[in-house]
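These notes concern the structure reproduced below.
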Amino acid sequence: MSYAIIGFGNIGQALAKAFARSGIEVSVATTRDPESFASAAAAIGPEIMPKTLAQAVKADIIFLAVRYESHRDVAKALPNWKGKIIIDVTNAYGVSPEELGGQPSSRVVAQAFTGGKLVRGFNHLAAAVLDQDPAVHGGRRVVFLASDDDGAATEIGALAENLGFSPIKLGGLSEGGLLVQARGNSWGQLIFKDLVKFDG
Ligand SMILES: NC(=O)c1ccc[n+]([C@@H]2O[C@H](COP(=O)([O-])OP(=O)(O)OC[C@H]3O[C@@H](n4cnc5c(N)ncnc54)[C@H](OP(=O)(O)O)[C@@H]3O)[C@@H](O)[C@H]2O)c1
């Protein structure tokens with residue numbers, strides 16, 4: 001399985017740190033020449049591989065860590081996303097419900113990535129929290145996952161565990177997934193709730 005993070009800002013770098021901490025290789029890409037962020041990637045760890053967007057989207061599992069407004073530009077990188085899972089980390093805060101056709105923003109993103117499977121996740125925490133080691137007081141920091149494809153959510157749940165997090169599946173995008181969506185100028189109830197799960 002190969003991984004990529006599209007977007008290497010606050011959230012992209014926080015995710016990259018989780019990969020480095022777990023010793024899992026991941027490609028990272030922006031609109032820029034990979035040389036321009038090679039030193040920032042190297043500072044996180046040797047697991048972080050700067051790539052062009054065209055190279056990075058060859059991965060099987062792709063984190064979308066760009067602003068919501070940029071998702072269509074990323075989607076244009078491939079005519080079809082069949083066989084891939086896109087993890088939507090974007091928060092469409094401030095985007096009007098009318099602009100989204102009344103749908104959760106992840107549904108709109110899913111439509112842009114034709115043929116791909118979409119899992120919403122890793123988006124409910126501020127980057128400064130997601131950035132930190134998810135092992136907290138003997139427990140693991142929770143990430144929420146929502147998808148209309150339960151198999152894809154399970155697969156990303158396994159990845160979340162490998163990255164040190166404790167995944168909680170919320171169900172479909174228009175069901176439990178609404179708890180981790182922004183709608184206009186309001187946040188879903190679970191956004192910014194930094195929870196830790198203890199086993200036993
Ligand atoms: N910041 C947070 O605390 C937080 C928390 C949860 C979720 N989120 C969500 O995560 C997403 C990213 O937020 P952020 O704070 O990390 O934003 P950011 O710091 O502005 O980073 C955005 C990144 O996306 C890249 N980018 C922009 N357009 C692109 C394109 N067409 N193709 C490839 N890369 C592109 C930018 O690089 P170049 O412009 O240099 O190409 C930059 O590396 C947003 O949707 C936000 O709502 C943020």
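Pairs under 6 Å by beta carbon, first residue at negative phi in segment 171-200, partner in a helix (DSSP H, G or I) and at pLDDT below 95, six or more apart or different chains?
Within 6 Å, no pair qualifies.
Being over 21 Å from Gly83 (Cα atoms), in contact with a Pro (Cβ under 9 Å, 6 or more places away or on another chain) and in contact (Cβ under 8 Å) with a residue 60 or more places away in the chain is the filter here, so list the residues in segment 133-170 that pass it.
Leu163, Gly164, Phe165
Kindly indicate which of Leu159, Leu179 is part of a helix (DSSP H, G or I), over 25 Å from Val74 (Cα atoms) and more than 12 Å from the ligand (Cβ to nearest atom).
So the residue among Leu159, Leu179 that is part of a helix (DSSP H, G or I), over 25 Å from Val74 (Cα atoms) and more than 12 Å from the ligand (Cβ to nearest atom) is Leu179.
Quick one: which residue in Thr90, Thr114 is farther than 24 Å from Leu130 by Cβ and at pLDDT 95 or above?
Thr114
What is the one condition in (1) away from the ligand (no atom under 12 Å from the Cβ); (2) surrounded by fewer than 17 Cβ atoms within 10 Å (Cβ to Cβ); (3) among the hydrophobic types (A, V, I, L, M, F, W, C); (4) within 16 Å of the chain's Cα centre (by Cα) that Ala135 does not satisfy?
(4)
Cβ contacts < 6 Å: first residue over 13 Å from Val143 (Cα atoms) and assigned to a strand (DSSP E or B), restricted to segment 116-132; second residue more than 7 Å from the ligand (Cβ to nearest atom) and of a type in the set (A, V, I, L, M), any location; separation 6+ or different chain. Result?
Filtered contacts from segment 116-132: Lys117/Ile85; Lys117/Ala152; Leu118/Ile86; Leu118/Ala110.
Among Phe63, Phe19, Phe37, which is out of contact with any helix residue (DSSP H, G or I) (no Cβ under 9 Å at 6 or more places or on another chain) and of a type outside the set (Asp, Glu)?
Phe37
Suppose we filter Ile156, Ile168 for residues that are surrounded by 17 or more Cβ atoms within 10 Å (Cβ to Cβ), under 13 Å from the mean Cα position of the chain (by Cα) and within 24 Å of Phe19 (Cβ to Cβ); which single one remains?
Checking each option against the conditions leaves just Ile156.
Within segment 81-131, restricting attention to residues that are of a type in the set (Ser, Thr, Tyr) and more than 13 Å from the ligand (Cβ to nearest atom), which residue is nearest to Lys58 (Cα to Cα)?
By that ranking, first place goes to Thr114.
For Gly164, all conditions in the list (1) more than 16 Å from the ligand (Cβ to nearest atom); (2) within 23 Å of Val74 (Cα to Cα) hold save one; what is the number of the exception?
(2)
Under 25 Å from Lys193 (Cα atoms), aliphatic (A, V, I, L, M), out of contact with any helix residue (DSSP H, G or I) (no Cβ under 7 Å at 6 or more places or on another chain) and assigned to a helix (DSSP H, G or I): does that describe Val142?
Considered against the rule, which asks whether it is under 25 Å from Lys193 (Cα atoms), aliphatic (A, V, I, L, M), out of contact with any helix residue (DSSP H, G or I) (no Cβ under 7 Å at 6 or more places or on another chain) and assigned to a helix (DSSP H, G or I), Val142 comes out as no.
With the condition kept exactly as written, say whether any residue in segment 50-61 is touching a residue at least 24 places away in the same chain (Cβ under 8 Å), assigned to a strand (DSSP E or B) and under 27 Å from Arg140 (Cβ atoms).
yes
Among the residues of segment 8-41, which ones are in a loop (DSSP other than H, G, I, E, B) and either in contact with a strand residue (DSSP E or B) (Cβ under 7 Å, 6 or more places away or on another chain) or away from the ligand (no atom under 13 Å from the Cβ) (or both)?
Residues satisfying the conditions are Phe8, Gly23, Ile24, Glu25.
Which of the residues that make up segment 61-114 are acidic (Asp, Glu) and crowded, with 21+ Cβ neighbours inside 10 Å?
Asp88 - this is the single residue of segment 61-114 that is acidic (Asp, Glu) and crowded, with 21+ Cβ neighbours inside 10 Å.
The values are calculated or read from the model by the stated rules, or taken from the named source; none is laboratory data. The structure displayed is predicted, hence computed values, not measured ones. Reconstructed Cβ throughout: ideal geometry from the backbone, glycine too, with neighbour counts over all protein chains shown.
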